């Protein structure tokens with residue numbers, strides 16, 4: 001939960017925060033996020049190697065990750081920039097995402113350790129519990145500035161939001177000690193041939209493509225609600241509804257996948273997401289009830305993605321006898337890369353189309369926002385369904 005407050009929520013809030021509070025353009029924000037992902041390209045696999053190499057010290061590594069997350073969130077949202085604004089933001093985001101990456105790699109790797117001899121169904125059960133915490137954290141993070149705005153009206157609640165993430169990370173540091181008590185095994189070595197051979201390579205590709213639509217909609221959500229729908233006061237409630245729907249639906253998706261198998265379930269959940277995106281594209285301005293229904297449906301679809309794919313990834317690694325740390329380093333990088341690519345491509349595109357957040361925009365600019373938010377994710381989800389259908393059956397086997 002603590003880690004998740006600094007994942008998708010930062011990408012939801014950062015474009016609006018950087019534009020309104022720091023004076024950066026959408027193009028600058030997109031460039032910054034892409035540059036940070038270039039660092040992650042080297043850093044995340046290295047962090048994964050480090051967690052495998054020093055698996056006997058995972059408690060200390062987890063402490064370092066959570067402390068970095070705490071400090072970084074304060075730098076980004078709560079502390080006034082020292083020196084050039086863009087450089088300060090880059091430094092804060094690097095510290096934040098390094099802490100997030102290290103903590104996430106350890107969490108997923110330790111999950112695989114706890115379920116080292118578990119069946120795929122047991123992996124799904126564990127995944128359901130873990131992803132419930134993730135979704136609670138994402139929900140709190142997504143709604144954080146709105147909920148905390150009363151403490152600091154001048155900056156729209158962003159400073160209290162940064163402080164809240166920092167305090168939650170430190171609280172997690174204090175209460176999570178039992179999680180790191182069981183050391184990860186050292187006698188397994190992971191390499192690229194091991195990833196491909198285990199089937200995890202297919203799942204990395206699927207996760208990358210499947211996460212892109214969520215990355216696009218997360219990046220543009222506030223802009224879509226505030227400028228396309230003209231419902232700025234409803235942004236917080238819409239986000240809460242979306243992530244609560246994902247969290248409530250997660251156990252359902254876990255159970256139905258155990259019965260029917262991921263190969264049958266994933267195309268259904270992905271189709272539900274496509275229907276939601278098309279509905280959003282067709283909405284008129286001010287359609288509060290209709291967009292609430294769309295948030296509910298798309299949140300339910302997200303619940304399936306979060307529970308099923310990570311469980312399949314862990315199960316395939318376990319069946320192949322592969323170490324989890326480096327593999328989840330790549331998994332974590334893949335997830336963050338989609339968010340950065342979405343921001344780095346879509347935000348400059350909108351800027352070139354003449355879109356300006358919070359301003360009176362032309363019909364063409366709003367049409368570009370509408371297409372980017374709704375139609376682009378549809379195309380990406382269709383590609384994800386195609387990957388599921390051509391993927392070897394053994395990789396999607398959750399009933400053995």
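The values are calculated or read from the model by the stated rules, or taken from the named source; none is laboratory data. Predicted, not measured: the structure shown is a model, and the values here were computed from it. Note that we place each Cβ from the backbone using ideal geometry, even for glycine, and neighbour counts take in every protein chain shown.
Assuming residue 291 fulfils every condition listed in (1) within 30 Å of residue 145 (Cα to Cα); (2) buried (at least 17 other Cβ atoms within 10 Å of the Cβ); (3) in contact with a helix residue (DSSP H, G or I) (Cβ under 6 Å, 6 or more places away or on another chain) apart from one, which condition is it?
Only one criterion in (1) within 30 Å of residue 145 (Cα to Cα); (2) buried (at least 17 other Cβ atoms within 10 Å of the Cβ); (3) in contact with a helix residue (DSSP H, G or I) (Cβ under 6 Å, 6 or more places away or on another chain) is unmet by residue 291, namely (3).
Tally time: how many residues in segment 345-361 are under 25 Å from the mean Cα position of the chain (by Cα), surrounded by fewer than 20 Cβ atoms within 10 Å (Cβ to Cβ) and farther than 17 Å from residue 20 by Cα?
Of the residues in segment 345-361, 2 are under 25 Å from the mean Cα position of the chain (by Cα), surrounded by fewer than 20 Cβ atoms within 10 Å (Cβ to Cβ) and farther than 17 Å from residue 20 by Cα.
Kindly indicate which of 47, 34 is assigned to a helix (DSSP H, G or I), over 22 Å from residue 130 (Cβ atoms) and at pLDDT below 85.
Details: 47 fails: over 22 Å from residue 130 (Cβ atoms).
It is 34.
Taking segment 89-101, which residues are closer than 17 Å to residue 24 by Cα and either surrounded by 20 or more Cβ atoms within 10 Å (Cβ to Cβ) or at pLDDT 95 or above (or both)?
Once the filter is applied, which keeps residues that are closer than 17 Å to residue 24 by Cα and either surrounded by 20 or more Cβ atoms within 10 Å (Cβ to Cβ) or at pLDDT 95 or above (or both), segment 89-101 yields 89, 92, 93.
Name every residue in segment 250-261 that is modelled with pLDDT of 85 or more and surrounded by 22 or more Cβ atoms within 10 Å (Cβ to Cβ), in order of residue number.
253, 257
Need pairs with beta-carbon distance below 7 Å; first residue on the phi > 0 side of the Ramachandran plot and within segment 256-281, second crowded, with 16+ Cβ neighbours inside 10 Å and part of a helix (DSSP H, G or I); sequence gap 6+ or separate chains.
Hits for this filter: 261/396.
Taking segment 17-33 on its own, how many of its residues are surrounded by fewer than 21 Cβ atoms within 10 Å (Cβ to Cβ) and more than 15 Å from residue 342 (Cβ to Cβ)?
8
Regarding residue 63, is this residue part of a helix (DSSP H, G or I), under 18 Å from the mean Cα position of the chain (by Cα) and modelled with pLDDT of 90 or more?
So residue 63 does not fit the description; no.
Kindly provide the set of residues from segment 148-184 that are within 23 Å of residue 219 (Cα to Cα) and modelled with pLDDT of 80 or more, ordered by number.
148, 157, 158, 159, 160, 161, 162, 163, 164, 165, 166
Looking at segment 66-85, which of the residues that are surrounded by fewer than 24 Cβ atoms within 10 Å (Cβ to Cβ) and within 23 Å of the chain's Cα centre (by Cα) is farthest from residue 102 (Cα to Cα)?
Here the answer is 78.
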